[in-house]
Amino acid sequence: MVRLVAMMAATFGAVGFTGSARADTWNFDVRLDGKPIGTHRFTVEGPDEAREVTSIAAFDVKLLGITVFRYRHEARERWRGDCLQQIRSSTDDDGKPVKVDRRLESATPGEPDCLMSYAYWHPALVRQQRLLNPQTGEVDEVRIERLPDAAIPVGGRDVDASRWRITSTAPSSGKSAPARQVLTLWRDRADGRWIGLDAQVKGDRVLTYRLP
């Protein structure tokens, strides 16, 4: 589940940004097999040419009232247009600290070194083949496929949504097969906003992000 949490700790915002400064904040309820385990807060602010994104997650998985898994993650990203310029993240992965401080200053829109993180809010995400993992700082290979539209519960009502399957493969360590993860991205059909994310995690459990 840890690698999936890192991928879900990517940025979020509205699909259409204008050149004027703005700030948007979303708070996801996070559940494991339908049981609440925490929250994930995303803030996107600034114009396209100088966008800043903050992501803060706190999860506690409990069994019989005892915490068996604890996760804390905070990431700050700086973007220019469609390109990630800098990322700094700090993660407490059940007692294991992980830090990333990476600059991609040469990234220019339209050039091969222009990378996105797992920016589910961005309309161009579904056309990407490589995404930067905000927890590890590594670049994953991804395959993204459109799925049939369906309804998803958001804020106590069913919302018609478009869906995509994201299959990601992490870089190989050379000692084992590359880690593979499959997610489902949900966006509101009416305005294209990101409204949910699902994934199968270890032990055939289901991790979900939903807006309250």
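Quick notes on this structure:
- Number of the exception - E52 against (1) out of contact with any Gly (no Cβ under 9 Å at 6 or more places or on another chain); (2) modelled with pLDDT of 80 or more; (3) open to solvent by 70 Å² or more (accessible area, probe 1.4 Å): (1)
- For the range 155-175, a residue qualifies if it is at pLDDT 90 or above and open to solvent by less than 90 Å² (accessible area, probe 1.4 Å), and the qualifying residues are V159, A161, S162, R163, W164, R165, I166, T167, S168, T169.
- Any hit, the range 31-41, residues being modelled with pLDDT of 95 or more, open to solvent by 10 Å² or more (accessible area, probe 1.4 Å), among the aliphatic types (A, V, I, L, M) and over 15 Å from the mean Cα position of the chain (by Cα): yes
- Filter result for A190 (over 24 Å from E74 (Cβ atoms), modelled with pLDDT under 95 and of a type in the set (A, V, I, L, M)): yes
- Pairs linking a residue in the range 72-89 that is in contact (Cβ under 8 Å) with a residue 24 or more places away in the chain and acidic (D, E) to a residue that is outside any strand (DSSP E or B) and surrounded by fewer than 17 Cβ atoms within 10 Å (Cβ to Cβ), with Cβ atoms under 6 Å and 6 or more positions apart or on different chains, are D82/P109; D82/A124.
- Candidate set: the range 183-212, residues that are polar (S, T, N, Q) and within 16 Å of S168 (Cα to Cα); chosen: the one least open to solvent (accessible area, probe 1.4 Å): T184
- K62, sole failed condition from (1) modelled with pLDDT of 90 or more; (2) charged (D, E, K, R); (3) buried (at least 16 other Cβ atoms within 10 Å of the Cβ): (3)
- First in the range 35-47 and over 17 Å from G196 (Cβ atoms) and hydroxyl-bearing (S, T, Y), second anywhere and at pLDDT 90 or above and open to solvent by 20 Å² or more (accessible area, probe 1.4 Å), Cβ under 9 Å, 6 or more apart: T43/E52; T43/T54; T43/I56
- Here R70 meets the list (1) open to solvent by 10 Å² or more (accessible area, probe 1.4 Å); (2) within 18 Å of L197 (Cα to Cα); (3) part of a strand (DSSP E or B) almost entirely, failing just condition (2).
The values are calculated or read from the model by the stated rules, or taken from the named source; none is laboratory data. Computed from a prediction, not measured in an experiment: that's the story for all the values here. Ideal geometry is used to build each Cβ from the backbone, glycine not excepted, and the neighbour counts take in all protein chains shown. SASA here: full protein model, heavy atoms, side chains in, ligands and nucleic acids out. Shrake-Rupley method; radii C 1.70, N 1.55, O 1.52, S 1.80 Å.
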